[in-house]
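**Student:** Shown below is the structure under consideration.
The values are calculated or read from the model by the stated rules, or taken from the named source; none is laboratory data. Since the model is a prediction, treat every value here as computed from it, not as a measurement. Here Cβ is always computed from backbone atoms with ideal geometry, including for glycine, and neighbour counts include all displayed protein chains. We work out accessible area using only protein heavy atoms, side chains counted, and drop any ligands, DNA or RNA first. Shrake-Rupley method; radii C 1.70, N 1.55, O 1.52, S 1.80 Å.
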Amino acid sequence: MSRKQVLLIVEGIKQEIKLFQALFRCYGLDIGYEIVSYNTNIYELYERMFSDGFQDDLSLLGVLKERASEEDKWLFDQDYSDVLLVFDYEPQDNRFSPARLEEMQRYFNESTDNGKLYVNYPMVEACKHFLKMPDVEYLSRTVSREDVLNYKAIVGNASRYQSFERHFIRPDVDEMIVLTAIKALRLCGHNGEAGYESEYRDLDHETIVKAQNDALRWADEVWVLGTCLLFILDYSTGLIDFAGIESRLLG
């Protein structure tokens, strides 16, 4: 990933912004970035961009500029090396569509091109849904469709990491990221006991969406997974001792 100027389009106005600020702080990332809150969900973005079908001349920044306030329009005229989109899965939304989400993930698959979409399952609170580290049980953690509506409360009662600002410290976040990567790779079909780091470069977010859609369809549940934590590995796998943590976690 380029280390120039990054634009982050996030769904909410608080949690996602605090999360990325915590990640930049933990890893000392000396990059220029702008964080813009979209203030609504991914299904509204789909309707705004693709209601008439996918078009080759679509511009995410152009669409965002149209709905921005006058004081923020300048943000979408800048030259960004990478564009990231961070949104929630939200299967409880009345516009939820597995097919549309797969289309979005297929389209937004490269940060230096159309942008890269990171979906949090079922929502951004998945990034703090860890018990005392090392929390290997995270690898099998799910939430039922019924419980998605109460997911924030579930995380609030279970997690030791309630505050991105106060509770996200480097050693624990390292393990969170590696566990997230291992779980994502398992959803993509990598079922070995080791060697996940070598497979990471082939991680396919569209395959993750399809696996989540299948879990929802057949088991009425979602695998807890905060994929935006993987931004750190996409930025540089050298920031974390992946193999060492993997070996320690999986024994």
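**Student:** So which of 96, 130 ends up being touching a Lys or Arg at 6+ places or on another chain (Cβ under 8 Å), part of a loop (DSSP other than H, G, I, E, B) and either closer than 25 Å to residue 219 by Cα or not aliphatic (A, V, I, L, M) (or both)? It would help to see each step written out before you state the result.
**Tutor:** Working: 96 fails: touching a Lys or Arg at 6+ places or on another chain (Cβ under 8 Å).
Selected residue: 130, the only one of 96, 130 that is touching a Lys or Arg at 6+ places or on another chain (Cβ under 8 Å), part of a loop (DSSP other than H, G, I, E, B) and either closer than 25 Å to residue 219 by Cα or not aliphatic (A, V, I, L, M) (or both).
**Student:** Hey, does the stretch 1-11 have a residue that's hydroxyl-bearing (Ser, Thr, Tyr), crowded, with 16+ Cβ neighbours inside 10 Å and outside any strand (DSSP E or B)?
**Tutor:** No, the stretch 1-11 contains no residue that is hydroxyl-bearing (Ser, Thr, Tyr), crowded, with 16+ Cβ neighbours inside 10 Å and outside any strand (DSSP E or B).
**Student:** Hey, does the stretch 182-194 have a residue that's acidic (Asp, Glu) and within 16 Å of residue 21 (Cα to Cα)?
**Tutor:** No.
**Student:** Can I ask one more? Return yes when residue 149 is in contact (Cβ under 8 Å) with a residue 12 or more places away in the chain, in contact with a Phe, Trp or Tyr (Cβ under 6 Å, 6 or more places away or on another chain) and open to solvent by 30 Å² or more (accessible area, probe 1.4 Å) and no when it is not.
**Tutor:** No; evaluated as a whole, the condition is false for this residue.
**Student:** For a quick check of your reading of the model, give me the residue pairs whose first member lies in the stretch 127-143 and is free of Cβ contacts under 8 Å to residues at least 60 places away in the same chain, whose second is among the hydroxyl-bearing types (Ser, Thr, Tyr) and in a helix (DSSP H, G or I), with beta-carbon atoms closer than 8 Å and at least 6 apart or on different chains.
**Tutor:** Matching pairs, first to second residue: 130/138; 131/138.
**Student:** Considering only residues that are among the polar types (S, T, N, Q) and open to solvent by less than 50 Å² (accessible area, probe 1.4 Å), which ones fall in the stretch 115-141?
**Tutor:** Narrowing the stretch 115-141 to residues among the polar types (S, T, N, Q): 120, 140.
120, the sole residue that qualifies.
**Student:** Please go through the stretch 84-95 and give me each residue that is open to solvent by less than 40 Å² (accessible area, probe 1.4 Å) and either touching a helix residue (DSSP H, G or I) at 6+ places or on another chain (Cβ under 7 Å) or of a type outside the set (A, V, I, L, M, F, W, C) (or both), ordered by number. Spell out the reasoning first.
**Tutor:** If we filter the stretch 84-95 for residues that are open to solvent by less than 40 Å² (accessible area, probe 1.4 Å), which is where we start, we get 84-91, 93.
Scanning the stretch 84-95 gives 84, 86, 87, 88, 89, 90, 91, 93.
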